[in-house]
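Okay, so here's the structure we're looking at.
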Amino acid sequence: MKPIDLRSDTVTQPTPAMREAMARAPLGDDVYGEDPSVNALEAAAAARVGKEAAVFVPSGTMANQIAIRLHTHHGEVVLAGAGAHVLRYEGGAASALAGVQIATIGEDGLFAAADVRAAYVPATNVHLAPTTLLAAEDTHNGSGGRVFPVAVLHEAVRAAQELGMRTHLDGARLFDAEVASGVAAAAIAAPFDTVAFCFSKGLGAPVGSVLCGPRDAILRARRLRKMLGGGMRQAGVLAAAALHALEHHVARLAEDHARARRLGEGIAKLGLCVDPEPETNMVMFEFADTMALLRATRARDLLVNPTGPGRFRAVTHLDVSDADVEEALERLADAVAELRG
Ligand SMILES: Cc1ncc(COP(=O)(O)O)c(C=O)c1O
């Protein structure tokens, strides 16, 4: 039986065309700034999100953590949406590497200007840790790939900036937000000081993310990348895959979103709660006995991720076809039927 892997959009294999682009890539030593493929990718990525400059890094985690280091000092507080990736899934890096605390605001990864104002702490009170950075996430992974409504997001960013805070957008899946909302990535990212996005998720590249922002900030980011061990040498083989992904795999995200909707409908028809309704490429669903469902799906070569007791995530991506979605639904139906006796 062909395995169907719906755990994440990070599991994709490079396409033959992407592998060809990797094989053809002109290379140099990127720590010397001499890799033409990395330089081309950084220029294209910065332009695509409307920023002056970009730095290519191995992961979304590194992009976010460099941004936090750039914008904060030890002992300060970063405001982020509930369930933010920078808080929950980056190994405690914000506290370990930047020495900051993260306070969450709003619900389901979304927040409003009023939440920012209510949580704001100025640097003038010696007893309190000042809030100096707002970090938003779009789409929001923990809440099931939700798109942050852009007007609400920008109002919150404006409120933060009026209070003197810096702003960073964790756009690991920014192009899912672009495709789902019809608002260009550059327009979504416009008011933010920095924006990170990943090539290795829905865009289907094997490795890599970028941090984009003003030229001087990205220059400082390069030093931070070196400090973190993220200076890569002939990284153009990876940059070529990333550039191929940016040029060829953005519009097709709409297919992933349509498949996620179909998958969500099919799962709901099995009598399982699907919540929220899929907005992009993620389907969150429930089944009370977490371990039993994991075992039963795995036995049928169907892989999904548990996200909490009785909660699961299934993600559509480049390597999941319409037929795979139908087959996944059949295998899930069979697993559920077995468990219901
Ligand atoms: C919203 C978000 N930000 C950042 C990351 C980190 O990316 P990486 O796994 O490349 O470190 C992820 C990974 O899934 C993510 O979902």
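Every number in this text was worked out from the coordinates using simple rules, so none of it is lab data. Please read all numbers here as calculations on a predicted model, not as lab measurements. Quick reminder, even Gly has a Cβ in these numbers, built from the backbone with ideal geometry, and neighbours come from all protein chains shown.
What to note about this one:
- With viscosity 1.567 mPa s and temperature 4 °C, the Kirkwood radius over alpha carbon pairs of the stretch 58-151 converts through Stokes-Einstein to a diffusion coefficient of 96 µm²/s.
- Mean-position separation - Cα centroids, the stretch 211-267 and the stretch 1-35, in angstrom: 11 Å
- You can think of it this way: the chain between residue 187 and residue 40 has 50.7 nm of extra reach, that is 0.36 nm per residue less the Cα-Cα gap.
- Here the chain carries DSSP beta bridges of which approximately 50% are antiparallel, counting only pairs with both residues inside.
- Candidate lysines - alpha carbon under 19 Å from residue 2, same-chain residues fewer than 8 apart omitted: none
- Nearest-ten-degree value, helix 322-340 long axis tilted from longest Cα axis of the chain: 70 degrees
- Inter-label distance, nm, simple model (7 Å from Cα along the C-beta direction), residue 248/residue 73: 4.9 nm
- Rg(Cα)/(2.2 N^0.38 Å) for the chain, N = residue count: 1.01
- Cα-centre dipole for the stretch 169-253 with unit charges at Cβ (Lys and Arg positive, Asp and Glu negative), debye to 20: 460 debye
- Working note: Karplus 6.51/-1.76/1.60 with θ = phi - 60° gives the stretch 61-74 the couplings 4, 5, 4, 5, 6, 5, 4, 5, 4, 4, 9, 10, 10, 3 Hz, where Gly and Pro are set to x.
- For the stretch 1-156, the share of DSSP beta bridges that are antiparallel, to the nearest 5, is 20%.
- Relative contact order for the stretch 70-162, counting Cα pairs under 8 Å that sit 6 or more residues apart, in percent: 34 percent
- Once the C-beta distance of residue 339 and residue 277 is scaled by a Förster radius of 25 Å, the resulting FRET efficiency is 0.55 to the nearest 0.05.
- A full extension of the chain between residue 24 and residue 220 corresponds to an added length of 67.5 nm, given 0.36 nm per residue minus the alpha carbon distance.
- Dipole magnitude for the stretch 159-209: about 140 debye, using +1 per Lys or Arg Cβ and -1 per Asp or Glu Cβ, origin at the Cα centre.
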